[in-house]
Structure formats: C-alpha cells, structure tokens
C-alpha cells in the first residue's frame, strides 16, 4: 500500500512539473546551487560566481545538494528538467518513508493516511519543482528519523542515523545542531548515553571534514556563514525595512555595499572583521528594536506553519502568475487543522512523541524571522502529518 502511495505521489509531482516546466527559466540558478553543481561536475571545486561576477569559493552553501546536482550533470547533462525529475523521485520516496515512520505508532490504515497527507500536500509538491535543497534535505531527515524510531535499541541504527543527519546538515546548515535534538530525546526517553555516542560517531566525521575545508581556506573552522549572513541581510534588513519604510531590496543592497558579502571567500585579509561587522550590526539592529524584532519572529512562525506559499516559486518563472482568490485561504485553514491535530497527537503519544516533537520545534524555533516562509515548512510536513493522524485517529497501533 505504501508503494502505491509513493507511485501516486510521484505521478502528482511529475504532473505538476509537466505543467510548470514550460513556464520556468531554463537557466535558473537559485542560491548558487546550480553554479556550484556545474563547477563540481567540471572539476573546478566548490566555487561559483559571486555578486560582482568573480568566480570565488563559496562558504555559505554546503556540499550535499550541489553534489547531487553535479552527479545528475555528469549522468545526463545540465538540464533543469533532469534536476526536477530527480527531485520528484526524492519527494515520492519521502512520502513512502513517512508511512514507514508512522507505522511505529499507528495502525496501517492510519499510517497510510499520514503518507497520503504528504503526497497531497501542495507545499511538498511545489518543493519538488523548486531548484533548492529542501526535497533532498527532507528525505535525509525522515530517513534518519525512521532509523531512530524503528531500531532504537541498536547502536548501529544510531550511527547510521547520525550519518544521514550529518548529510542533512551538509545539505541545509540549519540542521547543524540536530545532535542536540538527539540528546534531548535520549534524556526524555531515559535511554542509554551510549546511543548518543553512537549517533555522534556517525554525525561528526563529515561535519569535521567540511569544517576542516573551511579552516584550510579561511583560517576559521565552521560549517557555513549563512547564519551570519541571514542575521544581517534578512533579520536585520527586515527590521530596518519596517523601521525606515524603505524597500527590503534597497536595505539589503545598502548593507551589501557597506559590509560586503560573506557568502563568498575573497581572501583572509578582512575576512574576520567582515564577519564581526555582520554580527555586530545585525545584533545591534535587532536589540535596538525589540518590539519590531519580536513581531517579525512571531510573524515568521505564522508564515512557516500556516503560509500557503502562493508565490513560492515565482522567482523560477519567466512570468509569475496572478494571485489565486480561493485556494491559499483553504490551504491555510487546512494547515491550522493539521497543526491543531498535531498538538493532540503529541498529547496522545506522550513520551513516544519525543523525537517528532523535538524535530518539529527545532525547525520552527530556528527558522522564525523575516526570511521564514512556507519553504521552511517542508522538512516538518511529514512530522506534522504523523502527529496529526495520531491526534485524530481513534486508536494507536495494535501490538
């Protein structure tokens, strides 16, 4: 039955791709991912064109998604359709894994229902035709979660989960602190500390290799500069936009002209001061305008959980479409119902919901702010689907 749901999900995503592909810019390169994949495939290293046109090492993006694109380029050339078909397959696989995850607590029909929710979720479908890392990231995240809940008494399962979640963190750096989620779950469920050590044995090596790459290049060990970049260029810029009433893009351009770009590495001279300027100015803006900052954090949570994302792939289209009159409101109401049911699911499952609850809260808390949108909901949709079905189902899994 889960295979059937996976095939349904694949068919829906391929249909959506068939409708959208003729409207897309064939050379789209969001967040430099495609450029990085092209250069990796050509053997040029982890480099891409910076804002001034120079090809420089990228220190904001992480390697897993560009390597995925590079592999597809080597296999079938640099074609947008190929990339997005690959993502449709990944999205369908995530639906199947959602059902497997749900079976840990729910009856088979209820687990199928959770899988179907993800298969039909508009945001999950749209992410498959968006040339960014969310679809691959979600697959890695849910794959690791399946290992943690199904084989939680075996050290090797924790190690494999650590490996998958390290790949997830090197796909989207927001996940770099996921090991804290694992530590919290072990504490809540009163599991043995050896499982955390087993998880870290799988998690830390790849993170260490990438941090060592950045240390060799810049003199500083880190995974990504994206959090520092977002602190000023999104959160700080969002506050300044509301305070000064200037357009958001204008504020960002002014910051870029004044402080430079920390997404690309130009040389060790001035690198550390530039990072310090970003942190100092971003923190100053946020702390000096706490009312606006708090408001934007709350609004960010709302957009992440309930935003319909009616224009979430407009930047991929030749001509963005007009605003729909009805479906965004219906979808937002459906999301409210799913989140409310998820809260009931947490109450029903109790301590057994520790992993799902911790993963959901992790992404909601870290992704709040002006940069938050429906795209950031992608990795927690499977979690919400499982919890929501648990909340409304009459009984749990029969042992």
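The values are calculated or read from the model by the stated rules, or taken from the named source; none is laboratory data. Everything numeric here is computed off the predicted structure, so don't read it as measured data. Don't worry about glycine lacking a Cβ; one is built from the backbone with ideal geometry, like all the others, and counts go over all protein chains shown.
Here are the numbers for this structure:
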quantity	calculated
Some residue of region 336-356 being in contact with a helix residue (DSSP H, G or I) (Cβ under 6 Å, 6 or more places away or on another chain), without any contact (Cβ under 8 Å) to a residue 60 or more places away in the chain, closer than 17 Å to residue 175 by Cβ and in a helix (DSSP H, G or I)	no
Residues located in region 369-386, provided they are more than 13 Å from the chain's Cα centre (by Cα) and farther than 21 Å from residue 97 by Cβ	369, 370
Test result for residue 310, modelled with pLDDT of 90 or more and within 23 Å of the chain's Cα centre (by Cα)	no
Tally of residues being free of Cβ contacts under 8 Å to residues at least 12 places away in the same chain and closer than 20 Å to residue 307 by Cβ across region 85-133	0
Leading residue by the ranking (nearest to the chain's Cα centre (by Cα)) among those in region 223-253 that are without any contact (Cβ under 8 Å) to a residue 24 or more places away in the chain and assigned to a loop (DSSP other than H, G, I, E, B)	247
Which listed residue, of 166, 124, is over 25 Å from residue 208 (Cβ atoms), buried (at least 24 other Cβ atoms within 10 Å of the Cβ) and either out of contact with any strand residue (DSSP E or B) (no Cβ under 9 Å at 6 or more places or on another chain) or at pLDDT 95 or above (or both)	124
Residue match in region 62-74 (condition: modelled with pLDDT of 95 or more, crowded, with 19+ Cβ neighbours inside 10 Å, over 24 Å from residue 321 (Cβ atoms) and touching a strand residue (DSSP E or B) at 6+ places or on another chain (Cβ under 9 Å))	yes
Members of region 198-217 found to be under 24 Å from residue 149 (Cβ atoms) and either within 22 Å of the chain's Cα centre (by Cα) or surrounded by fewer than 14 Cβ atoms within 10 Å (Cβ to Cβ) (or both), listed by number	199, 200, 202, 203, 204, 205, 206, 207
Residue check for residue 367: under 30 Å from residue 313 (Cβ atoms), buried (at least 19 other Cβ atoms within 10 Å of the Cβ) and touching a helix residue (DSSP H, G or I) at 6+ places or on another chain (Cβ under 7 Å)	yes
Odd one out for residue 311, checked against (1) free of Cβ contacts under 8 Å to residues at least 12 places away in the same chain; (2) part of a loop (DSSP other than H, G, I, E, B)	(1)
Region 47-84, residues that are touching a residue at least 40 places away in the same chain (Cβ under 8 Å), farther than 30 Å from residue 257 by Cβ and in contact with a helix residue (DSSP H, G or I) (Cβ under 7 Å, 6 or more places away or on another chain)	64, 68, 78, 81, 83, 84
Subset tally (residues that are buried (at least 18 other Cβ atoms within 10 Å of the Cβ) and either touching a strand residue (DSSP E or B) at 6+ places or on another chain (Cβ under 8 Å) or not in a loop (DSSP other than H, G, I, E, B) (or both)) for region 260-276	5
Residue 9 being modelled with pLDDT of 95 or more, buried (at least 20 other Cβ atoms within 10 Å of the Cβ) and touching a strand residue (DSSP E or B) at 6+ places or on another chain (Cβ under 7 Å)	no
Criterion violated by residue 256 - all others in (1) in a helix (DSSP H, G or I); (2) more than 27 Å from residue 374 (Cα to Cα); (3) in contact (Cβ under 8 Å) with a residue 24 or more places away in the chain satisfied	(2)
